[in-house]
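Worksheet for the structure shown next.
The values are calculated or read from the model by the stated rules, or taken from the named source; none is laboratory data. What you see is a predicted model; the values in this text were computed from it and never measured. Glycine also receives a Cβ, built like all others from the backbone with ideal geometry; neighbour counts cover every protein chain displayed. Side chains are part of the model used for accessible areas, which takes the heavy atoms of the whole protein and leaves out ligands, DNA and RNA. Shrake-Rupley method; radii C 1.70, N 1.55, O 1.52, S 1.80 Å.
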Amino acid sequence: MTIKDTVPGESELRERARRVLPAGGFGNFPADVVIARGEGGRVWDESGRAYVDFLLGSGPMLVGHCHPEVMAAVAGQLSRGTTFFANNAEGIRLAEVICDAMACADKLRFVSTGSEADMYAMRLARAHTGRDKILKFEGGYHGMSESSLMSLAPKRLVNFPQAVPDSAGIPAAMRETMLIAPFNDPDFAHQIISEYADELAGVIVEPFQRLIPPEPGFLECLREETARHGIPLIFDEVVTGFRLAYGGAQEHYGVTPDLCTLGKVIGGGLPLAAIAGSDEIMAHFDKDRVGEAGFTYQVGTLSGNPVAAAAGLATLEILRRPGAYDRIEATGRVIMAALRDSFAEAGIPIQVVGVPSLFDVVFTDRRVRNYRDVLAGDAALLQRFNQLLRARGILKTDSKFYISLAHSEADVAQTVGAIREAARIMGAEG
Ligand SMILES: Cc1ncc(COP(=O)(O)O)c(C=O)c1O
């Protein structure tokens, strides 16, 4: 078989994937769907089925698939070269645009993935303070590094601040470098930060954790406590950057961290991420300023890739236009209301958790404030709901509706209809 093999049917592709990919997939979305193409707010699978797409590449496609302006920017750069391992105008311009947008950003360093950005942000905090421990929040996702994969999705609930590794292969000693706290509990955060102040290198938080908005006062408390003890506060804005608002969660909630990480939207659908923050902390990437002892070593073959930077710049340009966020949020509000109304009619208790640009339903009658509240939701009902939506041409992750600027009235109408039908069926199933 040659690489140029003609496109086979979806089932044959699935079979071929099983032969060469562990678990038959790339490790991301369930491997039973093979996407052939996307346009606007829709994708099509290899069997030709169309879906309204709320997966959106796990978030990056905020302006939709194949936006003509993004495609033109990418095509323009492609003809000038695809990677240089050297400074280039597109990357420098994108760094300027991001530093203008993000309140915490004096300077930034590009990497290729959000995982890397979070890994380096924590390393920078450790370099800056000369301490080892990082505080993170249970259920918070910060990519795949050994520090990050602690108490992301623990099945066994242990006492705070113990960390539970989420993966095999993580050295046991790593657990001792991480402290875990519940999200949205300012009293606990205050207590743990004070208690460990002399050992804490940093506090990392998704300011909007997965789906869960911060309660008023929580981020402010983290800011106040970390500032009091000179501990860098890191906002993981890989999801929220340019989604919750143009200036990210730090603009939306009015709290400025010392460092933030960005990914997804800033690469416009191509691999690009960044660590951004105060000049003082970012200086650890500059050996001339901090000397050998304070230097945080960082290189990456594709860092500042000009094609990804061109896609990111075009994407941010579109988002900067008046009305862009109003439109995204209006779309989200209609779908959130449909979820509430449909399940109320069906007599099934749910919470719609999130903000209009990113939310989902949790099958519980309890208010959702943290990871343990999500875990207490009925996962089987959620799975059934997602399955019924998929059968009606709605594609989403297990736990998120990502909304895009490109979702049309027809996309929304189809989605609302599918939600109503799914809720009715689930109500009848009892
Ligand atoms: C909040 C958050 N941080 C970090 C990451 C990791 O980003 P990447 O998948 O680009 O490594 C993700 C990915 O979904 C994320 O949601």
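General observations
- Nearby lysines by direct alpha-carbon distance to residue 155 (threshold 19 angstrom, same-chain neighbours under 8 apart not counted): 136
- Highest to lowest packing among 173-179, 156-162, 48-54, scored as the average C-beta count within 10 Å: 48-54, 173-179, 156-162
- For the chain, complete DSSP H runs whose alpha carbons reach 20 Å or more along their own long axis and whose mean Kyte-Doolittle score is -0.5 or higher are 114-129, 324-346, 409-429.
- Only protein atoms count toward the accessible area here, which uses a 1.4 Å probe; on the stretch 317-430, the carbon and sulfur part of that area reaches 50 percent.
- Prolate/oblate/rounded call for the stretch 255-322, Cα gyration tensor, a/c under 1.5 rounded: oblate
- For the chain, the relative contact order comes to 21 percent (Cα pairs under 8 Å, sequence separation of at least 6).
- Packing, taken as the mean count of other beta carbons within 10 Å per residue, orders the peptides 314-320, 22-28 from highest to lowest as 314-320, 22-28.
- Lysines whose Cα lies under 22 Å from that of residue 107, excluding same-chain neighbours fewer than 8 positions away: 264, 287
- Per residue, the accessible area of the chain comes to 44 Å², computed with a 1.4 Å probe over protein heavy atoms only.
- Label point of residue 21 set 7 angstrom out along Cα-Cβ; within the stretch 41-64, amide nitrogens under 19 Å from it belong to 43-51, 53-61.
- Nitroxide proxy distance, nm - points 7 Å out along Cα→Cβ at residue 293 and residue 197: 2.4 nm
- Note on the chain: with charges restricted to the Cβ of Lys and Arg (+1) and Asp and Glu (-1), its dipole about the Cα centre is near 920 debye.
- Three-way shape label, the stretch 331-430, alpha-carbon gyration tensor, a/c 1.5: oblate
- With distances taken between every two different alpha-carbon atoms, the chain has a Kirkwood hydrodynamic radius of 22.6 Å.
- Helix-only mean residue ellipticity at 222 nm for the chain, each DSSP H run of n ≥ 4 adding -39500 (n - 2.57), per residue, nearest 500: -12000 deg cm²/dmol
- FRET efficiency, residue 159 to residue 428 (Cβ-Cβ, R0 56 Å, nearest 0.05): 0.85
- Residue 44 versus residue 82: modelled label distance in nm, points set 7 Å from Cα along the beta carbon direction: 2.4 nm
- C-alpha center-to-center spacing [the stretch 290-304, the stretch 165-210] in angstrom: 25 Å
- Here residue 224 and residue 99 are evaluated by their C-beta separation; at R0 = 22 Å the FRET efficiency comes out at 0.30.
- Carbon/sulfur fraction of accessible area - the stretch 182-281, other protein chains in place, 1.4 Å, %: 49 percent
- Rounded FRET efficiency, nearest 0.05, which uses the C-beta distance separating residue 28 from residue 187 and R0 of 60 Å: 0.95
- Inter-part distance where the stretch 113-164 and the stretch 248-278 are each reduced to a Cα centre, Å: 17 Å
- Three-way shape label, the stretch 115-167, alpha-carbon gyration tensor, a/c 1.5: oblate
- Top positive-direction residue, dipole computed over the chain with Cβ charges, set 376, 180, 221: 376
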